[in-house]
1. List pairs: first in the range B:160-175 and part of a strand (DSSP E or B), second polar (S, T, N, Q), Cβ under 6 Å, 6+ apart or cross-chain?
2. Among all residue pairs at least 6 apart or on different chains, which show Cβ distances below 6 Å where the first residue, located in the range B:477-497, is facing another protein chain (nearest Cβ under 7 Å) and at pLDDT below 90 and the second is outside any loop (DSSP other than H, G, I, E, B) and surrounded by fewer than 17 Cβ atoms within 10 Å (Cβ to Cβ)?
3. Residues that are under 30 Å from residue B:440 (Cβ atoms), part of a helix (DSSP H, G or I) and of a type in the set (Gly, Ala, Ser): does the range B:461-468 have at least one?
4. Kindly indicate which of B:403, B:393, B:399 is hydroxyl-bearing (Ser, Thr, Tyr), modelled with pLDDT under 85 and surrounded by 14 or more Cβ atoms within 10 Å (Cβ to Cβ).
5. Take the residues in the range B:176-200 that are among the aliphatic types (A, V, I, L, M) and either part of a strand (DSSP E or B) or at pLDDT below 85 (or both); name whichever of them is farthest from the chain's Cα centre (by Cα).
6. Residue A:105: modelled with pLDDT under 95 and in a loop (DSSP other than H, G, I, E, B), yes or no?
7. Among B:445, B:452, B:438, which is the only one that is more than 9 Å from every other protein chain (Cβ to nearest Cβ) and touching a Lys or Arg at 6+ places or on another chain (Cβ under 6 Å)?
8. Looking at (1) in a helix (DSSP H, G or I); (2) within 14 Å of another protein chain (Cβ to nearest Cβ); (3) without any contact (Cβ under 8 Å) to a residue 24 or more places away in the chain, find the lone condition where residue B:428 falls short.
Amino acid sequence: MPQISEWGYGILAASLVVAVLVDGLIFRTVLELLRPASRWTFLAARVGKLASLGFWLYFIQSFWYPQYAADGGRAAEALKISTMAILGGAALVALVSHPRMPRPKDGSHV
Amino acid sequence: MSDTLVVGLGGVGVATCRRLIERLQGLGGRDFGGEIDLLLLDTDRTVLGAEGDRALFLTASAAVLDAAYRNPERFQSEWLNPEVLRGRRSIESGTQCSRGLGRFLLLLPENRELVRDKLASWFRARRGSPGQTAGCVYVVSSCAGGTGGGQICDLGYLIQDVAATCGASVDLRALLITPSHHRGAQSVAAFSTLTELHYFCDPHTRYRAALSSDSSLVETRIPPYRRILLQTSLTTDGTEIPLPELQEQAGVYLLAVTEGDTGVWGGERARREAETHWLDSDANPQPFSTMGISWLEFPEERLASAVYRNLVRRSVYPWLQGDVPISASELTAGAPMADSEAMATMMVDAVGGPQAQEEYLRPVRTRLPWLPRGTAGQWKAMDQEIELSLRQTVGRAPTQGQTGQGPMAERFDTVRGELVAGLRRQCEVWLRRDGVSLERVARVLNELATELRTRTDPVAAWGEAWEASDLSRKRILWAVDAAGRDPFLLFFRRPAKRRLAMEYERTIAQHIRNQFRSQSTPYLRELRAQVLEVVRTWAGRIGELGGLLARLSRSMADYESALLEKLRREEEDRRLILGALHLPGAETPYVANSGWHLPYCTAEEEMPRFRI
């Protein structure tokens, strides 16, 4: 297990904050671009969350891990696979949990 | 013996008779149907002068007046204020405007018998004349004097009683010269006289006086005169006519109705008088007429009637033959009946327009600051509040055989009134415009009726718009509910709800408009049906009027021609005094103004007209 410096933990924490900021930025931008809000809010939220997660994982994989926590080629390869798995899982959860407006009981189209 | 007796009563009556005599003398040598018999009655010896047998001087000695003052029941004069007789000497120079004294003098047995004898001799002489019918007696007098005003009523009943005693029928008429109301004492006396006459003209009142030769009481409910002609002394513009001129007019009037009439006027007057009831609908006696009306009756009224008919006929030419085009677009300029959207706006403007929308949106506007933090339940409560107020405003829509209820139904009545008033205004503009024919107006109205009948509102489109906005509203409420549970909105629930609140505000405004517009369709249908009914009725009536005028125009022209031809014949026979009358308006020489007063011609102008 590699020794991670205090600077490394600081960078990691800062990256989380930046990820949240990126999430908010993307969420608001998508909401601005897509109207009405009632139709696209949940999609915008998912796009923001997934994008920020993607950016954060990419940051971890390409910068933070090699810089502060690298311990060899196998670990880096495993990280790449787990990144894809996390992203795919998150996308799957986002898709499954996306709220859908129930059909009216009288059977009319919604 | 003439069939007409003119009784000049009092100073004014005697003076009028003198005018009549002068005119008769001016016509001397002409071939009259007969002479006019005259009887002059007055209480002033100087007024009567040397009139001979036809004058009767009604007087009383100082002893008689004193006896009547002390013992009124002997003269049956209890009705008289004793102060009138107190200290009087013999009456030689009139009654000095004392109506009571005037009446007393007529009812004095000696005077009464004198008058009765004169009248009886005239009636008996007439009865002896072969071929004579009912005699006509004119009593001409001022209604303001003591003699004329005081005796006019009793003299009327006295003449009737004498005629009845002689077994003669009489057409009794009075011609009263009425002073201006500016003349204080005279106008008071005139008012008393007219009130008295009016009172006894009412069949519900009873007249009682000792008129018989044996001083027994005469009781009757009939009026004192068949007709009472008031010659007013003011023109329609308030100018006072001098007394001599009034007397001149009265003299010529008497001349015209007696010697100037061959029976045509009498027939026409009888017809017109037969149309007048003794009492009107308010039970007021109606034997009164005015000089102006009687003067105009014949032949001028016929001429005026013909001329006015002619003017009416000419004035309807544009209605019958006008060629100015009009279009239905003018009709609907102020009333957009063909534009469904504009009609819907009119309907919902008051209940769902921009002003009213502020009221409906108040629940949203007041909640906006905290709505992003509110729960889904609070959003639903707000939405239900808006929905309830909308439902209350819409009320119950009109259905078959059932009227609507609620503010929108009230608005419906207002809009209907506005639309009908707008159409009526435009129709009036057309009918007033020169050259627009009635047939064209009726046709355009029919075109509008056809358009209204075939016009359909975009009910489906409006319904879809309403459903879409309703769906949007429901989606927002659902989104608010879902946003509270969605993990992907972590950190950003409030901004998302703020966005949803803004969208809800926009959507609900649109939804209100759509709902009102959609709900207005039954009202619009009903509105068109009701306006259509009105427009059809107008079109039918205007069309019928046009057809009627077209048919009448010919008959009116024929009638005018007949009238004018008749007048022309009478003019050729020199029977009309029409040409001597200065009718106002040189450009339309035979059209009188709206007042009845016609400027009177001078004697010099008039005399040639009587060259019979």
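1. Between residues of the range B:160-175 that are part of a strand (DSSP E or B) and residues that are polar (S, T, N, Q), there is no close pair.
2. none
3. Looking through the range B:461-468, none of the residues is under 30 Å from residue B:440 (Cβ atoms), part of a helix (DSSP H, G or I) and of a type in the set (Gly, Ala, Ser).
4. On inspection, the qualifying residue turns out to be B:393.
5. Out of the qualifying residues, it is B:185.
6. yes
7. Sole residue among the options that is more than 9 Å from every other protein chain (Cβ to nearest Cβ) and touching a Lys or Arg at 6+ places or on another chain (Cβ under 6 Å): B:452.
8. Only one criterion is unmet by residue B:428, namely (2).
The values are calculated or read from the model by the stated rules, or taken from the named source; none is laboratory data. Keep in mind the model is a prediction, meaning the values are calculated, not measured. Ideal geometry is used to build each Cβ from the backbone, glycine not excepted, and the neighbour counts take in all protein chains shown.
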